[in-house]
Every structure is written in C-alpha cells, then in structure tokens.
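Right, one structure below, let's go through it.
The values are calculated or read from the model by the stated rules, or taken from the named source; none is laboratory data. Nothing here was measured: the structure is a model prediction, and the numbers come from that model. In this analysis, Cβ positions are derived from the backbone assuming ideal geometry, glycine residues included, and neighbour counts consider all displayed protein chains. Surface areas here come from the heavy atoms of the whole protein model, side chains and all, with no ligands, DNA or RNA. Shrake-Rupley method; radii C 1.70, N 1.55, O 1.52, S 1.80 Å.
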Amino acid sequence: LNILVDTGSSNFAVAGVPDPDVTSYFNPELSSTYRSEGIEVTVKYSQGSWTGVLGTDVITMPKGLYGSYTINIATILESENFFLPGVKWHGILGLAYDALAKPSSSVETFFDSLVRQAKIPNIFSLQMCGAGLPVSGSGTNGGSLVLGGIEPTLYTGDIWYTPIKEEWYYQVEILKLEVGGQNLELDCREYNADKAIVDSGTTLLRLPEKVFSAVVQAIARTSLIQEFSSGFWTGSQLACWDRLEKPWSLFPKISIYLRNENSSRSFRISILPQLYIQPILVIGDNLQCYRFGISSSTNALVIGATVMEGFYVIFDRAQRRVGFAVSPCAEVDGSPVSEIEGPFSTADVASNCVSSLSFHEPALWIASYALMSLCGVILLVLVVLLLIPPRCQHRYTDNDVVNDESSLVRHRWK
C-alpha cells in the first residue's frame, strides 16, 4: 500500500474495505498477526475524515531495521473526502506526537512504537522531492523518509534548527515574513495566530487571513504582472502561459524567518516562485496552466509541501527541535529553488511571538465551555433572585445555624 506521510496527525491508518477511489486495501481477515482492539476511532483533518477500528499488527522495515515490530493500526471502514479520485495512496502515517492520537493520547504512535521496540534514536527526517513537477503528474521523484536519524547525502550546506514550542503538532515560532526582500511589517504574533506548524500532510503554504492578504498584496505589488485575476489568488482559477514562457521570473521569492535555538538569533528559509507557482494542467499544445501554492487559513500558519519540497526537514524529537537544510532535489532546470541564510538578530521582534494562552486539547475546550456555561447559569439565577421582591422576613433565633456554606451565598453572616 502507498501511505501518505503526515507530520500533522498521529494515527496510522489504511483502507480496510474496498473504496471506489483506492486501488488496494488491507484485509485484516487475511492477516494471522492482526488483533482487533474493537475500539472505534474517527479522525478529522482540515480536508476530509474517516472512521475505522483500532487494532494491532506486525510490521517489518525494508531497510536498516531488522526484526518485527507490533504497532497500532486503524482500518478505515468509512471516509468522507479523504480518499479522492486519482490519489495514489491507500492510507496515512501520522508522525506527530501522541497528544493528537485518536481516540486518546494513550494510543501509541507508529514512530513511538519503533523508538521503544527497535531502540532507534527519537529523530526522523523527510525529503520531499516534487519541486517544479506537475501537481497532477504520476510517479515519484525519489523523496525519502529516514527513521532514526539524518542522511548526509540528502542535504547540502548546514542544518539550521528552530525549537519546537509545544509537542503536539510540530509547532514552531515564526518571527516575520518577507516578499521580494521586503518585510511585511506585521506584528509577529499574527504569524503564530493560534499556531504555526510544519505539516507534510498539507499541500500548500497556508497563512492566517491577515498574513495571506498582506502576502498577496506584496506579491501583486512586486511582481511584473500589472493586472491579475483575484480568482488566481483564492485558488478558484488557474493562470496560463505559453509553454515556452516560464512565468517564474515574474514573481518574487518569499522568506520565512524562524527563531534559532539561540533565541537572540534567527534564520530564514526562502522559496523561489518555482515552488509556489505550480504547474498543474496542460491545455492543447501551447498552454501550461499554474495554480497559486499559497492559501488562507482560519486557524494556523502551516508550512506544508509547497515549502517543504525545498528542504530536507529534520524532526529531532529527542532535542525538541526542527531542522532545515537545502535539499539537492529542490532544483528546476538545474537551478536551486530554495535558500537558507543566517544568522540574523532578533532585536527587531518581540521576545515571544507565540501566545501563552492556548487551549489546544479538545478536552480543555470542552471544559472551558462547560465552566463558562455553568457560570452563566449561576449568574442568571442570581440576577433573577435580586429582581424578585422579598415576600416575607425571617427573624433569626439562637436555634438558627448560620455556617459558612449557607452564609456564603445567602447572607454572608459570620
């Protein structure tokens, strides 16, 4: 089965029944080692969802890790907008932290199981090779997932690390964005509104609405295109050029500044237009059509495949950091389409761009809403009691007991 590698979720799941949009599926009845836990699980993503049953089975790794390992696996029985027409994958491998695992964090993740059983280092790395390739193209371009370490042949130059701010998603701290070398001049907390994460399972670079609007305006202002359809920026329209003409020279590069491990320093990762102006469709013999590889988001800044295809990305869980290095496969027509530069001073940004008030776990959200509802009901009762006129008076005698419990609300007598 082909599996989607997703650093933005934590469940390992595969198609468990036939589906019109998948060519293969896992039939647990034919596995002598599969054990069902009988627990139903539902996982929702920014696009699509699935429901299945948790179980365990035994895996072996084709290279490097010898032996068999028992891991949790969900068999997908129903899904909605998850398996899509034309997709080449039949399941998903969630590589984020167990805090995101469903139905609870007690479900050990695939990678945690490998670290525990195979005794490999708590680090993995990912090279996504698709820069400049047609989005709808078939086949692969030799990307790599390295479990337990770093492969020196998959990057050039130095690895630059940024701290993981919280261990659920791979949440990082973004300090600023530049378009064509010009700072957007936004408050750095706008970039981290709700959260900023590194997520291989998200196709585009997703930006909070205010940041997205500023980026689009800056690109339109600095590009060599005078007028451009708004539908291109929102993703509802493609832009087409003659196949002999490469439109990338018309657009600026985009830089994302990340805080370095030394908090007084930062570094920037930059993507050239070849990564965010993406070929998607050929019309006739003469036209090549492109989409905008950036979209708006209501709840996060997501460094997705649009950016990750330019870099070798190291998820160093042992030292709680994410590393970026230039990937040698990030080339179009023989020229690099990604850059890393630094260090830079952080004197011009706040010491902390991430809000300290965050209710990340669904249980915390539920608890907060329940408490607010309870407070609202109590307040309403008190208001009603204050508005009702007293109908009788009671004269207290020595036999009346006024304790802390009764006096607290009714009389406040001691």
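Structure values in brief
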{"item": "Accessible surface, 1.4 Å probe, highest first, among residues M128, M308", "result": "M128, M308"}
{"item": "Range in the chain, longest, excluding exposed GluC sites (Glu not before Pro) [loop by DSSP; at most 14 other beta-carbon atoms within 10 Å]", "result": "1-184"}
{"item": "Within the range 296-316: backbone nitrogen closer than 20 Å to the R189 label point (7 Å, Cα to C-beta)", "result": "297-302"}
{"item": "Spherically averaged projected area of the chain from its Cα convex hull (nm²)", "result": "30.6"}
{"item": "Stretchable slack from L30 to T203, in nm (0.36 nm times residue separation minus alpha-carbon distance)", "result": "58.9 nm"}
{"item": "Span from the the range 318-358 Cα centroid across to the the range 71-111 one, whole angstrom", "result": "28"}
{"item": "Cross-link partners of K195 among lysines (Cα-Cα below 25 Å; sequence separation of 8 or more within a chain)", "result": "K44, K102, K165, K176, K210, K253"}
{"item": "Filtered chymotrypsin sites (Phe, Trp or Tyr not before Pro), the range 202-265: DSSP coil and at most 13 other beta carbons within 10 Å", "result": "none"}
{"item": "Sequence-separation-based contact order of the range 1-120, relative, with Cα cut under 8 Å and 6+ spacing, percent", "result": "37"}
{"item": "Average Cα contact separation per residue, the chain, under 8 Å, 6 or more apart, as relative contact order %", "result": "16"}
{"item": "Globularity ratio of the range 121-357, using Cα Rg and 2.2 N^0.38 Å", "result": "0.99"}
{"item": "Förster radius 30 Å - calculated FRET efficiency between E151 and I39, Cβ distance, rounded to 0.05", "result": "0.25"}
{"item": "Theoretical gain in end-to-end length, S264 to K119 [0.36 nm per residue, Cα-Cα removed]", "result": "48.7 nm"}
{"item": "Virtual spin-label span in nm between T60 and L133, 7 Å along Cα→Cβ", "result": "2.8"}
{"item": "Two-site FRET efficiency, L77 against Q182, from Cβ-Cβ distance with R₀ of 51 Å, rounded to 0.05", "result": "0.50"}
{"item": "Computed over the range 1-120, Kirkwood Rh from alpha-carbon pairs, angstrom", "result": "14.5"}
{"item": "Label-point separation, S68 to K210 (7 Å along Cα→Cβ), nm", "result": "5.5"}
{"item": "Exposure rank, largest accessible area first [T156, T298; 1.4 Å]", "result": "T298, T156"}
